[in-house]
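Here's the structure, in structure tokens; my notes come after.
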Amino acid sequence: MPLALYVMNVGQGQCVVLINSNPASLRAAIVDAGTDGRQLAKWLKNVGVRQIPAVVLTHNHDDHIRGATDLVEAFAGKVGKIYYVIDQPPTKIPIWLPIQQWLEKEKIAAAVKVCPEDTAGPTHGKALLPRGLDGFQLYCVYPTEIELAGVAVAAPLLGTHPGANNPNAASAILRLVRSADPDKSVALLGGDMTFRGWQRLHERNCDLASEVLVVPHHGSGKGATAAFGPHHLAQAVKPEYALFSVGTDNNYGHPAAEVVKELRVAGARVLCTQITPQCHANPASLPGGVAPDPANPKLASGGVPCAGTIMVKVPDAGAVDVVRLSDHQNAVDSLTKAPVCTLCRR
């Protein structure tokens, strides 16, 4: 059965939802929970989701984990595993005690570290969905236990490594695959991983090619080096679609023009979750919505959605299909062109 992949419109944050298509038993795997768990839970229930076999938290930054608490409360007893990383001292991790409380009160079935084992050669990664999701599987390929320790506690690592004491450098990287073809990535979910982390994967001969790339760190160009930067990542992945989770009028410069450019050069169609300064000189001045779709959730507390949540249909075989791709493009093209580097226009 096909799978639906949603890059949710959560403003300046990230939440990716994978939902199977069996109407008799709709289940969702969540990768990061954004900042508004109540709205996320409400939408999941509205579309018919009743079970959450896995919530994967790629790292412990607020814009990726804050929504987890309300999400778990709303689905208490119907959540399988919470996958986490220890990327800083536990006293600084906001969900450290809540996870223990969820276990004690049986709101979740288990709490598990997301990291795969260290092996001498490349592997598919660590499988995160014990029963799969109707013919699909989610693997974690980075960081391994040793690599995580190298970041979290400044332990020495051989070769290229992302650097110590930076949760972004310990962010999990996930592969969505069809269970029957685990060698081929349908989607690569990059969390907030730094370029040096991607370089380390590349040097380990991990195959990064994927049809869909949820662009790491909201399209940030920070941390790029001559040895590995936006060009190298784009050429290693060569995605058909590059999806950015960004907030309207964010002050981080996301997405970086160089990242957008290199993904386009690699042949990707580029979409984001909201209108940003890349599309319009003053996004906040726009009216209440551009090409809205009532069927799609709007989880951002402010700002103006473009195509809003991006939905990708992933069939059992064949190419993926981005829903409302034309609507997204038309919405941006209908804007007054501003003297800035645009994101979606070619």
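The values are calculated or read from the model by the stated rules, or taken from the named source; none is laboratory data. Predicted model, so just to flag it, every value in this text is computed and none were measured. Positions of Cβ are backbone-derived with ideal geometry, glycine not excepted, and every protein chain shown enters the neighbour counts.
Annotations for the structure displayed:
- Within region 208-244, the set of residues being under 21 Å from THR58 (Cα atoms) and surrounded by fewer than 17 Cβ atoms within 10 Å (Cβ to Cβ) comprises ALA209, LYS222.
- Residue ranges of strands (runs of 3 or more DSSP E) in region 31-136 with at least 1 members surrounded by fewer than 18 Cβ atoms within 10 Å (Cβ to Cβ) and not aliphatic (A, V, I, L, M): 51-56, 108-113
- Whichever residue in region 234-292 is touching a Ser or Thr at 6+ places or on another chain (Cβ under 9 Å) and of a type in the set (D, E, K, R) and, among such residues, is modelled with the lowest pLDDT: ASP249
- Qualifying positions in region 121-179 - within 18 Å of the chain's Cα centre (by Cα) and on the phi > 0 side of the Ramachandran plot: GLY125
- Given (1) crowded, with 18+ Cβ neighbours inside 10 Å; (2) closer than 22 Å to LEU243 by Cβ; (3) without any contact (Cβ under 8 Å) to a residue 60 or more places away in the chain, index of the condition ARG200 fails: (2)
- Residues of region 225-245 that turn out to be within 21 Å of VAL7 (Cα to Cα) and not in a helix (DSSP H, G or I), as a count: 8
- You will find that of LEU176, LEU208, the residue that is part of a loop (DSSP other than H, G, I, E, B), at pLDDT 95 or above and touching a Phe, Trp or Tyr at 6+ places or on another chain (Cβ under 8 Å) is LEU208 and no other.
- Output for region 137-161, where each listed residue is in contact (Cβ under 8 Å) with a residue 60 or more places away in the chain and either surrounded by fewer than 16 Cβ atoms within 10 Å (Cβ to Cβ) or closer than 22 Å to HIS64 by Cα (or both): LEU138, CYS140, VAL141, TYR142, LEU148, VAL151, ALA152
- Every condition in (1) closer than 25 Å to ARG175 by Cα; (2) at pLDDT 95 or above; (3) small (Gly, Ala, Ser); (4) surrounded by fewer than 20 Cβ atoms within 10 Å (Cβ to Cβ) is met by SER25 except one, and the failing one is (2).
- Any hit, region 172-188, residues being under 22 Å from LYS92 (Cβ atoms) and out of contact with any helix residue (DSSP H, G or I) (no Cβ under 8 Å at 6 or more places or on another chain): yes
- Those residues of region 229-267 which are charged (D, E, K, R) and over 18 Å from the mean Cα position of the chain (by Cα), in sequence order: ASP249, GLU258, LYS261, GLU262, ARG264
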